[in-house]
Amino acid sequence: MPKHEINNKVERPDSRKQEILDTAAVLFSEKGYHALSMRGIAKETGMLPGSLYCHFSSKEDLLYSIYAEGVKRISFKVDAAVAEREGSWDRLEAACSTHLEVLLDQSAYAQVVVRILPHETGGIRERLIALRNEYESRFRVLIDALEMAPDVNRKHLRLFLLGALNSAQEWYQPGADTPEMIAKELVKIIGQKIKLSEDKNNG
């Protein structure tokens, strides 16, 4: 048998690792952090527990890899969407719309990032917070670029905005307004509220 045919039948280590990540991401998104064990994850991936430990040293190590991949995917899409816009409010709207789209498409990786809170995870808490902060820094930069009165608390605005976006998975109904429409309306409401506040102060 030709050598290249033999190689085609050999499973590459990185493909097996990706399969583990994909399966574990679904499990973490559905069951949460505490309900899972490495033994249970190994069973779902058709592996012996010892084989799973060859790829990931612990449940925390596996979760961190999934979390990092989720943040990477969301960040890439948000950055690409923002790069296509020019105005500061338009750029914020693009970021919000893309954040919602990723969140609502039920991607397991995105669900892990949103649903598993760093304080649940013990030893990797600070590392997960660092990943989340790195992603959310995009919204800090976008909000800092907005023209607003000096007394507007931009940190509170960012936290409110992200909280509103993340809560959409609890009430959003497919077939109703699109993520783009929701983001547009949310940013519009925020902009109008800020303008009214500024007009009141100036008056």
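Yes/no matrix, rows are residues, columns are (1) farther than 25 Å from Phe76 by Cβ; (2) modelled with pLDDT under 90; (3) touching a strand residue (DSSP E or B) at 6+ places or on another chain (Cβ under 9 Å):
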| position | (1), (2), (3) |
| --- | --- |
| Leu128 | no, no, no |
| Ile143 | no, no, no |
| Gln169 | no, yes, no |
| Asn201 | yes, yes, no |
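Every residue, every condition in (1) touching a helix residue (DSSP H, G or I) at 6+ places or on another chain (Cβ under 7 Å); (2) part of a helix (DSSP H, G or I); (3) not hydroxyl-bearing (Ser, Thr, Tyr), yes or no:
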{"position": "Leu92", "(1), (2), (3)": "yes, yes, yes"}
{"position": "Ser97", "(1), (2), (3)": "yes, yes, no"}
{"position": "Leu103", "(1), (2), (3)": "yes, yes, yes"}
{"position": "Gln106", "(1), (2), (3)": "no, no, yes"}
{"position": "Val112", "(1), (2), (3)": "yes, yes, yes"}
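When residues of segment 130-146 are filtered for being small (Gly, Ala, Ser) and part of a helix (DSSP H, G or I), how many remain?
Narrowing segment 130-146 to residues small (Gly, Ala, Ser): 130, 137, 145.
Next, from what is left, pick out any that are part of a helix (DSSP H, G or I): 130, 137.
The number of residues fulfilling the criteria is 2.
Out of Ser51, Ser75, which single residue is polar (S, T, N, Q) and closer than 27 Å to Ala176 by Cα?
On the way: Ser51 fails: closer than 27 Å to Ala176 by Cα.
Unique residue meeting the criteria: Ser75.
If I ask for residues that are β-branched (Val, Ile, Thr) and closer than 25 Å to Tyr135 by Cα, which ones from segment 44-95 would you list? Spell out the reasoning first.
Applying the first criterion (β-branched (Val, Ile, Thr)) to segment 44-95 yields 45, 66, 71, 74, 78, 82.
Ile66, Val71, Ile74, Val78, Val82 - these are the residues of segment 44-95 that are β-branched (Val, Ile, Thr) and closer than 25 Å to Tyr135 by Cα.
Scan segment 149-168 and report the pairs whose first residue is more than 18 Å from Glu134 (Cβ to Cβ) and in contact (Cβ under 8 Å) with a residue 40 or more places away in the chain and whose second residue is hydrophobic (A, V, I, L, M, F, W, C) and assigned to a loop (DSSP other than H, G, I, E, B), with Cβ atoms within less than 9 Å and a gap of 6+ or a chain change.
The qualifying pairs are Val152/Leu146.
Does Ala35 fit the bill of being over 27 Å from Glu101 (Cβ atoms), free of Cβ contacts under 8 Å to residues at least 24 places away in the same chain, part of a loop (DSSP other than H, G, I, E, B) and not aromatic (Phe, Trp, Tyr)?
Details: over 27 Å from Glu101 (Cβ atoms): yes; free of Cβ contacts under 8 Å to residues at least 24 places away in the same chain: yes; part of a loop (DSSP other than H, G, I, E, B): yes; not aromatic (Phe, Trp, Tyr): yes.
Considered against the rule, which asks whether it is over 27 Å from Glu101 (Cβ atoms), free of Cβ contacts under 8 Å to residues at least 24 places away in the same chain, part of a loop (DSSP other than H, G, I, E, B) and not aromatic (Phe, Trp, Tyr), Ala35 comes out as yes.
Of Ser137, Ser97, which residue is in contact with a Pro (Cβ under 6 Å, 6 or more places away or on another chain), among the hydroxyl-bearing types (Ser, Thr, Tyr) and under 19 Å from Arg73 (Cβ atoms)? Don't jump to the end; show me each part of the working.
Details: Ser137 fails: in contact with a Pro (Cβ under 6 Å, 6 or more places away or on another chain).
Going through Ser137, Ser97 in turn, the sole match is Ser97.
Here is a list: Arg73, Arg91, Arg85. Which entry is buried (at least 17 other Cβ atoms within 10 Å of the Cβ) and either touching a strand residue (DSSP E or B) at 6+ places or on another chain (Cβ under 7 Å) or among the basic types (Lys, Arg) (or both)? Walk me through how you get there before you give the answer.
Numbers: Arg73 fails: buried (at least 17 other Cβ atoms within 10 Å of the Cβ); Arg85 fails: buried (at least 17 other Cβ atoms within 10 Å of the Cβ).
When all the criteria are applied, what remains is Arg91.
Determine if segment 160-170 includes at least one residue that is over 22 Å from Ala108 (Cβ atoms), charged (D, E, K, R) and assigned to a helix (DSSP H, G or I).
no
So, Ala176, is that one exposed (fewer than 12 other Cβ atoms within 10 Å of the Cβ), farther than 30 Å from Asp61 by Cα and of a type in the set (A, V, I, L, M, F, W, C) or not? Before you say what the answer is, go through the steps one by one.
Numbers: exposed (fewer than 12 other Cβ atoms within 10 Å of the Cβ): yes; farther than 30 Å from Asp61 by Cα: yes; of a type in the set (A, V, I, L, M, F, W, C): yes.
It is true that Ala176 is exposed (fewer than 12 other Cβ atoms within 10 Å of the Cβ), farther than 30 Å from Asp61 by Cα and of a type in the set (A, V, I, L, M, F, W, C).
Condition check ((1) within 30 Å of Ala24 (Cβ to Cβ); (2) surrounded by 14 or more Cβ atoms within 10 Å (Cβ to Cβ); (3) among the aliphatic types (A, V, I, L, M); (4) at pLDDT 90 or above) across all residues:
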| residue | (1), (2), (3), (4) |
| --- | --- |
| Leu117 | yes, no, yes, no |
| Glu134 | yes, no, no, yes |
| Ala149 | no, no, yes, no |
| Leu162 | yes, yes, yes, yes |
| Asn166 | yes, yes, no, no |
| Lys193 | no, no, no, no |
| Leu196 | no, no, yes, no |
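Do you know which of the residues in segment 22-63 that are over 20 Å from Leu117 (Cα atoms) and basic (Lys, Arg) is surrounded by the most Cβ atoms within 10 Å (Cβ to Cβ)?
Filtering segment 22-63 for residues that are over 20 Å from Leu117 (Cα atoms) and basic (Lys, Arg), the one surrounded by the most Cβ atoms within 10 Å (Cβ to Cβ) comes out as Lys43.
The values are calculated or read from the model by the stated rules, or taken from the named source; none is laboratory data. All values derive from a computational prediction rather than experimental measurement. Cβ atoms come from the backbone with ideal geometry, glycine included; neighbour counts cover every protein chain shown.
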